[in-house]
Amino acid sequence: MKKFLALSVIALTATAGAQTFSTQPFELGLTGGYASGLSGEVFVHAPYVAGPFGVKAGVAFSRPSAPFNDNASFGGVTYGDLKRTVQASGTQVTETGSNVVVGVDGTYSLGELAPGLDASLYAGGRYGMFNRSVSFGSDTTTYTINAFGIGAGVMASYPLSGNISLIGDLGVDHFFDAPVTTSDSNSSSTVNPGESGYSDTRNLVNFPGTYFKARVGFKFMF
């Protein structure tokens, strides 16, 4: 009898543990919109790790609308003027850029704000990898910045069907000063914050110090 009771307690404990684990939702989300340019993000979210507190991790990619600042000045000549002069000579000028941001946030569920409408606050750290390249004909110069930052925002969701919900994400990210590495086919150099020429270089490549983001998409709950 004692053996039976002991086995029963173990079985009930295991079942309760399994039920507790199974009631903890896990979310996979995909959003698109604007964040210093056209942007998309994929994220995973465990919303109830400890009561209303959760953890979210995501990776965002965006194409800056203006990789370079035409108004950046070098010795009284703006980058835009230089570009137009080169183009007038028949040389093609090509600009590209990308922002990749990895973020880890703590989240706090606000619960149901209206029938079916849930919302959560989030805040956490960021690591941004920013790349800019400009080609004057066959000569290409690349600027690279890897910077830490912080971010915060709010996500709202509305169920559509089954385990699929429509979500909206509004927030702001800020990135701290970081070294800028300039490289071409012949050489590579790095200018650090506070050094001569840093502000001019940072201004040229439109380094995203602080920017607002707005995305919409879907999340899938498991």
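Dipole check for region 30-151: with +1 at the C-beta of Lys and Arg, -1 at the C-beta of Asp and Glu, and the Cα centre as origin, the magnitude is about 200 Debye. Take region 47-136 with all the other protein chains still there, run a 1.4 Å probe, and you get 50 Å² of accessible area per residue. Each of S109, S185, T96 was scored by the projection of its Cα onto the charge dipole of the chain, and the greatest displacement toward the positive side belongs to S109; charges sit on the C-beta of Lys, Arg, Asp and Glu.
By the rule of a C-alpha distance below 14 Å, with chain neighbours fewer than 8 residues away ignored, the aspartates and glutamates paired with K83 are D70, E95, D139. A simple charge model with +1 on the Cβ of Lys and Arg, -1 on the Cβ of Asp and Glu and nothing else charged puts the dipole of the chain at about 740 debye relative to its Cα centre. Share of carbon and sulfur in the accessible area of region 93-222 stands at 60%, probe radius 1.4 Å.
I'm spelling it out carefully: the read-out is mean projected area of the Cα convex hull in nm², the candidates are [x] 13.7; [y] 18.9; [z] 11.6, and one was derived from this structure. Which label? It is the value labelled [y]. Computed over neighbours whose Cβ is under 13 Å from that of Y34, the net charge equals 0, Lys and Arg +1, Asp and Glu -1.
Would you calculate, for the chain, the mean residue ellipticity at 222 nm contributed by helices, counting each DSSP H stretch of 4 or more residues as -39,500 (n - 2.57) and dividing by all residues, to the nearest 500? Walk me through the numbers before you get to the answer.
Numbers: 3 runs with 38 residues, N = 222.
Taking each H run of at least 4 residues, the total per residue is -5500 deg cm²/dmol.
Tell me which aspartates and glutamates have Cα within less than 19 Å of K213's Cα, excluding those fewer than 8 residues away on the same chain? The reachable aspartates and glutamates, counting only those whose Cα sits under 19 Å from K213, are E41, D105, D169, D173.
The values are calculated or read from the model by the stated rules, or taken from the named source; none is laboratory data. Since this is a predicted model, take the numbers as computed values, not measurements. Positions of Cβ are backbone-derived with ideal geometry, glycine not excepted, and every protein chain shown enters the neighbour counts. Calculation scope for accessible area: heavy atoms of the full protein, side chains included, ligands and nucleic acids excluded. Shrake-Rupley method; radii C 1.70, N 1.55, O 1.52, S 1.80 Å.
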